[in-house]
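The values are calculated or read from the model by the stated rules, or taken from the named source; none is laboratory data. Computed from a predicted structure; not experimentally measured. No Cβ is skipped: glycine too gets one built from the backbone with ideal geometry, and neighbour counts run over all protein chains shown. Accessible surface is based on the protein model in full, side chains and every heavy atom, while ligands, DNA and RNA are left aside. Shrake-Rupley method; radii C 1.70, N 1.55, O 1.52, S 1.80 Å.
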Amino acid sequence: MWYESMTYTTSYCTKMHRHSAWQLTASLSGTFRFRTEEEEILLPPGDWLLLSPELLHDAGSDSSLSRAMQIFFRRFPHDLLPELADRYNLRRGIFRTGHGSPERFQRIAGDFLRKAHDTAPFGKSWRSVLGLEFVLSALCALEKEPGGKREILPGIIRALEFMEEHFAEPLGVAEFAAAAGLSESRFATLFRRETGTTPMSFFNSVRLGHAQCFLLNGASVDEAARQAGFSSSQYFCRYFRKQTGLSPGAFRSNPFSH
């Protein structure tokens, strides 16, 4: 999970880009503009926006006094946010909005700055607690999805957990299918039905999320590629730019402000 308190100075001052992580943004003061390829939305104070991984978007504000807080996370932890994990973890193309308490969001943002930085006592623990509070404060009022809750097959969930636990290893569909307890062909069919993409494409997006975390923690491009399980730094750089619109070095210098 990453956290930033954002200030934009012009409308749509960022380029169209995408992340390999979920993004939750709430306006603290001023009005923010967000666009995807299909719609535009304004976020006055207290309004929030949830974007799924790989969704192309840009953002900005007309006022230099506008402030927002946002966090990025690879997935909803199933043990801590089971309802949201069941609803969203394997999905893409999500663009959700809602309204919360501006005062509560401002308090959480202040606590992040005071308690959750890396050198603070128990800073990483506070980051986890405050991140969960931010997510729940925003998303607990989400309406049910059309058609009601659709259960994800347990085998697919096991495969997702397996990908997260073994992201740095040279794995393929055979290993994912074995973790799911399914044949390779059956697994590939069910996985595409649940996620809209192939198992290897999804696995590479998991790796990319971990690589971004390594870059934010000071790893070089070569180190991030190796630690995240990419076969070469050259392939990693090409894949990173294709998925995010940025080079790994540019992301590390200014992670989520492009």
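Quick look at the numbers
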quantity: Residue check for residue 54: at pLDDT 80 or above, charged (D, E, K, R) and not in a strand (DSSP E or B); calculated: no
quantity: Filtered residue count, the stretch 39-51, keeping only those that are within 13 Å of residue 26 (Cβ to Cβ) and outside any strand (DSSP E or B); calculated: 3
quantity: Whichever residue in the stretch 57-107 is touching an Asp or Glu at 6+ places or on another chain (Cβ under 6 Å) and surrounded by 19 or more Cβ atoms within 10 Å (Cβ to Cβ) and, among such residues, is farthest from residue 196 (Cα to Cα); calculated: 70
quantity: Extreme residue, modelled with the highest pLDDT, among residues of the stretch 1-29 that are hydrophobic (A, V, I, L, M, F, W, C), over 23 Å from residue 85 (Cα atoms) and open to solvent by less than 40 Å² (accessible area, probe 1.4 Å); calculated: 28
quantity: Residue selected from the stretch 204-230 under the condition more than 15 Å from residue 253 (Cβ to Cβ) and free of Cβ contacts under 8 Å to residues at least 12 places away in the same chain, by the criterion most open to solvent (accessible area, probe 1.4 Å); calculated: 226
quantity: Of the criteria (1) among the aromatic types (Phe, Trp, Tyr); (2) open to solvent by less than 60 Å² (accessible area, probe 1.4 Å); (3) modelled with pLDDT of 90 or more, which one residue 235 fails; calculated: (2)
quantity: Of residues in the stretch 30-46 being surrounded by 15 or more Cβ atoms within 10 Å (Cβ to Cβ) and without any contact (Cβ under 8 Å) to a residue 40 or more places away in the chain, the one farthest from residue 241 (Cα to Cα); calculated: 30
quantity: Residue within the stretch 114-132 that is more than 20 Å from the chain's Cα centre (by Cα), farther than 16 Å from residue 71 by Cα and open to solvent by less than 70 Å² (accessible area, probe 1.4 Å) present; calculated: yes
